[in-house]
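Below is one structure, written out as structure tokens, with a few remarks after it.
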């Protein structure tokens, strides 16, 4: 991991992951119907459904797994960094996870109730406790987590088919209207709605995202131990296998998930589609990793790597900046456009935000050693003030 190119390759993957996270999250900001059983009646044309299908197919449930994989991979870098600095690893990691949890909690309350940082902070403790296990043991546990979560949701789907729940479109629409009105209100109304939704979203995060995220932590830890991303020329065969598995299994599973979630959202079969998506999403995420690693090592890919890497180095700051911009666009303390922007327009806004972040990240890192939140998290982690201005010897990890 000593050469600049290798560090850039890992950070470029983080920069790529930011795009997928934004495309999913901005849909949640734009519509109070996101995640409900019925689509928004104001935006239910064929084009609207096509946009939702595309986002669900390629981005939902895949890119937070990509971030999770990179979190596990970076865990090995943190261990090496602590060893190099002569610090005791466990207290250093505990401080880092505590800082991450506090940043995530602030993010969840003020900006976006779908925050993933608090989940990562808790799961990072589990990863620390598992770090001494063998690769075989970690791989087995990762498979059990993914399969177990998929089977649990499949069982819920079967139960719902046997005894279908009563869904009333009028009640769902009324609930979405209340949510929309709250997000168009002042800051007190918006924070109140975040707190209301946080009271129930923890269950979904624990049953849906956490098992798969921890599984990808473990896979990333194994990859970090073997330095797979830092030796792409030695792992081309592995990357090609990942791409093949993703195309042969991950992509068909994603098609089933996307179709069920968009076209059958009011049916118990949507839960079956979700279970299939949970089971196959890691394979499509693996294809993204393998494909990007192969491409970034090509002549054309080096340009993309250099473009994405600065955003990846400031991924934490960019993640919260995305939420801040989306909140200003769609919430009442900004333009209050929730419920007024079509899915295609929403995706277009996301692409503009992402393009701006790529330029802003490069500009920032030409002057500063870290992103603002990366600097804060490093302060908490190493318990001393890091450098602010960029120096030739800056630790860019």
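Structure data summary
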read-out: Flag for residue 192 being modelled with pLDDT of 90 or more, in a helix (DSSP H, G or I), over 16 Å from the mean Cα position of the chain (by Cα) and surrounded by fewer than 20 Cβ atoms within 10 Å (Cβ to Cβ); value: yes
read-out: Members of the stretch 122-144 found to be surrounded by fewer than 20 Cβ atoms within 10 Å (Cβ to Cβ), touching a helix residue (DSSP H, G or I) at 6+ places or on another chain (Cβ under 9 Å) and part of a helix (DSSP H, G or I), listed by number; value: 122, 125, 126, 128, 130, 135, 137, 139, 141, 143, 144
read-out: Index of the failed condition, residue 87 passing every other in (1) farther than 28 Å from residue 167 by Cα; (2) part of a helix (DSSP H, G or I); value: (2)
read-out: Among (1) touching a residue at least 60 places away in the same chain (Cβ under 8 Å); (2) surrounded by 16 or more Cβ atoms within 10 Å (Cβ to Cβ); (3) part of a helix (DSSP H, G or I), the one test that residue 24 misses; value: (1)
read-out: Total residues in the stretch 128-151, condition closer than 19 Å to residue 283 by Cβ and under 22 Å from the mean Cα position of the chain (by Cα); value: 12
read-out: Residue ID - modelled with the lowest pLDDT, chosen from residues in the stretch 224-242 that are crowded, with 20+ Cβ neighbours inside 10 Å and under 19 Å from residue 281 (Cα atoms); value: 239
read-out: Filter pass, residue 148 being out of contact with any strand residue (DSSP E or B) (no Cβ under 8 Å at 6 or more places or on another chain) and either buried (at least 20 other Cβ atoms within 10 Å of the Cβ) or under 25 Å from residue 326 (Cβ atoms) (or both); value: no
read-out: Single condition residue 44 does not satisfy, out of (1) more than 14 Å from the chain's Cα centre (by Cα); (2) over 30 Å from residue 339 (Cβ atoms); value: (2)
read-out: Residue within the stretch 263-270 that is modelled with pLDDT of 95 or more and out of contact with any helix residue (DSSP H, G or I) (no Cβ under 9 Å at 6 or more places or on another chain) present; value: no
read-out: Among (1) closer than 30 Å to residue 297 by Cβ; (2) free of Cβ contacts under 8 Å to residues at least 60 places away in the same chain; (3) touching a helix residue (DSSP H, G or I) at 6+ places or on another chain (Cβ under 8 Å), the one test that residue 225 misses; value: (2)
read-out: Inter-residue pairs, beta-carbon under 7 Å, first under 17 Å from residue 94 (Cβ atoms) and in the stretch 374-397, second assigned to a loop (DSSP other than H, G, I, E, B) and modelled with pLDDT under 85, 6+ apart; value: 378/386; 379/386
read-out: Boolean, residue 14 is part of a helix (DSSP H, G or I) and over 14 Å from the mean Cα position of the chain (by Cα); value: no
read-out: Single match in 254, 152 (criterion: modelled with pLDDT of 95 or more and under 20 Å from residue 273 (Cβ atoms)); value: 254
read-out: Qualifying positions in the stretch 198-222 - touching a helix residue (DSSP H, G or I) at 6+ places or on another chain (Cβ under 8 Å), modelled with pLDDT under 90 and buried (at least 17 other Cβ atoms within 10 Å of the Cβ); value: 198, 205, 208, 209
read-out: Subset of the stretch 373-396 (residues that are at pLDDT 85 or above and surrounded by 15 or more Cβ atoms within 10 Å (Cβ to Cβ)); value: 373, 374, 375, 376, 377, 378, 379, 380, 381, 382
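Let's see how each residue does on (1) buried (at least 23 other Cβ atoms within 10 Å of the Cβ); (2) part of a loop (DSSP other than H, G, I, E, B); (3) modelled with pLDDT of 95 or more:
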{"site": "19", "(1), (2), (3)": "no, no, yes"}
{"site": "35", "(1), (2), (3)": "no, yes, no"}
{"site": "38", "(1), (2), (3)": "no, yes, no"}
{"site": "44", "(1), (2), (3)": "no, yes, no"}
{"site": "54", "(1), (2), (3)": "no, no, yes"}
{"site": "61", "(1), (2), (3)": "yes, yes, no"}
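The values are calculated or read from the model by the stated rules, or taken from the named source; none is laboratory data. If you're wondering where the values come from, they're calculated on a predicted model, not measured in any experiment. Don't worry about glycine lacking a Cβ; one is built from the backbone with ideal geometry, like all the others, and counts go over all protein chains shown.
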